[in-house]
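Coordinate-derived values only; no laboratory data. What you are looking at is a predicted structure, and each value in this text was computed from that prediction instead of being measured. Don't worry about glycine lacking a Cβ; one is built from the backbone with ideal geometry, like all the others, and counts go over all protein chains shown.
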Amino acid sequence: MPQHTAGDKAPAFALPDQNAALRTDEEFRGSWVILYFYPKDNTSACTAEALAFSAVYEELAELGVPVVGVSPDSVESHRKFVQKHDLHLTLLADPSHEVIEAYGVWVQKKMYGREYMGVERSTFLISPDGVIMEIWRKVRVKGHVEAVSARLRELMPAGSR
């Protein structure tokens, strides 16, 4: 499984969103994109992260920067998650882990002494030309969205902010 670094071309994707519409990386070309991976809808940390990204939705939308979340959950699970928490995000369903693995975030995890495979909470900041500019791995939710927003503003050309 690939371990990407800043400067790598972002892997392509084509996955259904919470409304079952097929979304591809190509539709986001020409704008910065915050692509984040999370383990599971409606768990405490994942909900906190989604709410934090949703809270800065309008600010990011003014900059033309979409926030796209990916997890192994189903389209139906994403739809309910978005409705329950009034999220302003695009959530992509990847139950086969195809995109999750392409980004190198399907990893061995450990909890209570038990090892298992799961999604490493990670965020990728992707440039308008499809290059990974920054990667946050093993994300802790507190302060993360602020860190991503700050880095985005550093990297964006002054005229587009």
How tilted is helix 44-55 with respect to the longest principal axis of the chain? Cα atoms for both, answer in degrees (0 to 90, nearest 10). 20
Helix 75-85 sits at what angle to the longest principal axis of the chain, using alpha carbons and giving 0 to 90 degrees rounded to 10? 70
Please work out the FRET efficiency for the pair R140 and E26, using the Cβ-Cβ distance as r and a Förster radius of 22 Å; give the result to the nearest 0.05. 0.10
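Subtract the Cα-Cα distance of A48 and A150 from 0.36 nm times their separation in residues, and report this length gain in nm to one decimal. Spell out each step's value before the answer.
Details: separation 102, 0.36 × 102 = 36.72 nm, distance 1.89 nm.
Additional length available on full extension: 34.8 nm.
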For the residues Y103, Y116, what sequence is obtained by ranking on other C-beta atoms within 10 Å, fewest first? Y116, Y103
I'm spelling it out carefully: the read-out is mean projected area of the Cα convex hull in nm², the candidates are (i) 12.3; (ii) 9.0; (iii) 24.0, and one was derived from this structure. Which label? (ii)
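As a test, work out the antiparallel percent of DSSP beta bridges whose residues both lie in the chain, rounded to the nearest 5. Before the final figure, lay out each step's value.
Working: 20 of 28 bridges.
Among the beta bridges of the chain, antiparallel pairing accounts for roughly 70 percent.
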So what is the calculated 222 nm ellipticity per residue for the chain, using -39500 (n - 2.57) for each DSSP H run with n of 4 or more, over all residues, to the nearest 500 deg cm²/dmol? -8000 deg cm²/dmol
